[in-house]
Amino acid sequence: MNQRFTDLILAAIKQRISDLHITGGFPLIFRRDGIIHFDKNVKWSPTEIDAMIKDMLSDRQLQMLSKRWSIDYAMSFNQVRLRINAFYTTRGLSLAIRLLPEIIPDLTALNLHPSLNQIRDLQSGLVLVCGSTGSGKSTTIAAIIEEINRTRPAHIITIEDPIEYRFRPKKAFIEQREVGVHVPSFNQGLLDALRENPDIIFVGELREPDTIRLTLNAAESGQLVFTTLHATDAEDAIYRINSCVSGENQEVIRYQFAASLSWLIVQQLTYIEKAGFRVPVLSIVRGTPAVQSNIRENRLAQLESTMLTSKNEGMFTMSLYQQDFISKQSVFINPDKSFGMGKDTNSKERDYISTLIDPNAVQDVVYMPSMEDTFKTDTAPLLTIKDEDEQQYVILNDEDMELKDIIAEYDQPDAGKSGKNRQKSRV
């Protein structure tokens, strides 16, 4: 690895820096305690950044960067996990770097409310953690999953873009898949996961309507599902989920969401004067009958009132959380202590690249597990086949076809038969 980059990361760890921004011919930008700073003494030229990125990336990643002009990736370094986005700008390639502890901190170390420990005992349902970029959503979920990993046997599958925290199986069996490396999309990863016998699924982020629908399907089918969403408050989060589709399907989404929701957490990092650093401030919504009714009936304006009257059921608005939890804490744990914890580097698994996988292959076949409750939409020209085990496969005639069109074809009762006939006519 580039020595100058190595020295920069080591210095950032020591100085409690959470983010670094490197762009050609411009001073280094860094963020500490949520505030942007400039270091005019540190600069990279555009050609130096090109060389540094080339040294970091694999051939497959370089090819992706060349075609897409940006790439997300992650790497481990000196007990720190780096999440990096390289992207093309007017100054050439730039880097946005997030520093994460290599060893996953527990909920106490993150200064989170102790009630979140209850989530580790859930067997099914949806746990949705929301907030802005950089608010610590993924870290909170990682801490909860690690607590499950430490306390009970379970099969956990994560689908992330990129993989941020690397889990080492303890009592749980954990398999991690990165979008673009181990699976072509969140949607495909979710479809796969339903046939991989998981107890728990972690979906890195809800971005597209189809991902939201498949995530709700997974939660409704009996798995415990963790996921994140960019939303500023609980009402905003529920509105985004409820509005991910239009028409009559919107009511189905609301009922699915209401039935599966267990916890909805909105998180922001706030500088606390007496602590001297930022700590998470939460709003917490529990999936009680009153909340479920608000969601089903789309009465979101009443949600805050429900939260205020449900304090005894473990709900908090952010102002109530600050008043009843943050203001009463005499000691906060400095997040710096999470960095450099543990030096058990020999226990880390090495990534293995299978010789049976072509990382540059075009993904033109989508595997479809059985999902009877999948939404119906307009049909589209596809070829559907069944194998001897009654597993269905859909071969795309159009590379740009959307998942909703695949689902529509899959829902047709004679899809398998017509698919076979069309397949025979092709041979």
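The values are calculated or read from the model by the stated rules, or taken from the named source; none is laboratory data. Computed from a predicted model, the values in this text were never measured in an experiment. As a convention, Cβ positions derive from the backbone with ideal geometry for all residues, glycine included, and neighbour counts pool all protein chains shown.
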**Q.** In segment 156-173, residue surrounded by the fewest Cβ atoms within 10 Å (Cβ to Cβ) [restricted to those that are closer than 10 Å to E146 by Cβ and without any contact (Cβ under 8 Å) to a residue 40 or more places away in the chain]
**A.** K170
Q. Residues of segment 315-334 being at pLDDT 95 or above, in a loop (DSSP other than H, G, I, E, B) and not polar (S, T, N, Q), which ones?
A. M315, F325
Q: Would you tally the residues in segment 32-64 being touching a residue at least 60 places away in the same chain (Cβ under 8 Å) and crowded, with 18+ Cβ neighbours inside 10 Å?
A: 1
Q: Return the only residue of P101, P105 being under 26 Å from D233 (Cα atoms), at pLDDT below 95, buried (at least 22 other Cβ atoms within 10 Å of the Cβ) and in contact with a helix residue (DSSP H, G or I) (Cβ under 6 Å, 6 or more places away or on another chain).
A: P105
**Q.** Given (1) farther than 30 Å from G34 by Cβ; (2) outside any helix (DSSP H, G or I), index of the condition Q188 fails
**A.** (2)
Q) Quick check, is S338 modelled with pLDDT under 90 and of a type in the set (S, T, Y)? A) yes
**Q.** Some residue of segment 243-252 being touching a strand residue (DSSP E or B) at 6+ places or on another chain (Cβ under 9 Å), buried (at least 18 other Cβ atoms within 10 Å of the Cβ) and in contact (Cβ under 8 Å) with a residue 12 or more places away in the chain
**A.** no
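I'd like the residue in segment 184-226 that is of a type in the set (K, R) and over 15 Å from the mean Cα position of the chain (by Cα) and, out of all such residues, is surrounded by the fewest Cβ atoms within 10 Å (Cβ to Cβ).
Here the residue is R195.
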Q. How many residues are part of a strand (DSSP E or B) and within 23 Å of I241 (Cα to Cα) if we restrict to segment 117-172?
A. 10
